[in-house]
Amino acid sequence: MAQRTIRLACMVCDRMDYDGITEAQLEEANRGGWVDVQEAQGYAEATKTYEAGETPPGDSAFDWWTHLGYCPDCATE
């Protein structure tokens, strides 16, 4: 079974419907209109949690994605 370790988000609207997809699904998303998709961080970094107040400088609990790009809706704007 393919691992679902890709967490794709749009750089504009931050949609989450591609959270937990496979490499094949990422390729399908690209064919479906996602553009400029780049890996932003690894899965371990995207799922790492910190105790309150212990987040290292430059890290954010809101950076849940592994890949960022523009979804079809935002790419046409």
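The values are calculated or read from the model by the stated rules, or taken from the named source; none is laboratory data. Since this is a predicted model, take the numbers as computed values, not measurements. When we count neighbours, we look across all protein chains shown, and the Cβ atoms used for this are built from the backbone with ideal geometry, even at glycine.
Note on the stretch 1-55: residues that are among the polar types (S, T, N, Q) and closer than 12 Å to Y70 by Cβ amount to 2. List every residue pair whose Cβ atoms lie under 7 Å apart, where the two residues are 6 or more positions apart in sequence or sit on different chains, the first residue falls within the stretch 1-26 and is without any contact (Cβ under 8 Å) to a residue 60 or more places away in the chain, and the second residue, located anywhere, is among the hydroxyl-bearing types (S, T, Y) and in a loop (DSSP other than H, G, I, E, B). From the stretch 1-26, the pairs are A2/T22; Q3/T22; R4/T22. When the stretch 24-64 is filtered for residues that are in a helix (DSSP H, G or I), modelled with pLDDT under 95 and not β-branched (V, I, T), the ones remaining, listed by number, are Y43, A44, E45, A46.
Only one of the numbered conditions (1) in contact (Cβ under 8 Å) with a residue 12 or more places away in the chain; (2) out of contact with any helix residue (DSSP H, G or I) (no Cβ under 7 Å at 6 or more places or on another chain) is not met by S60, and that is (1).
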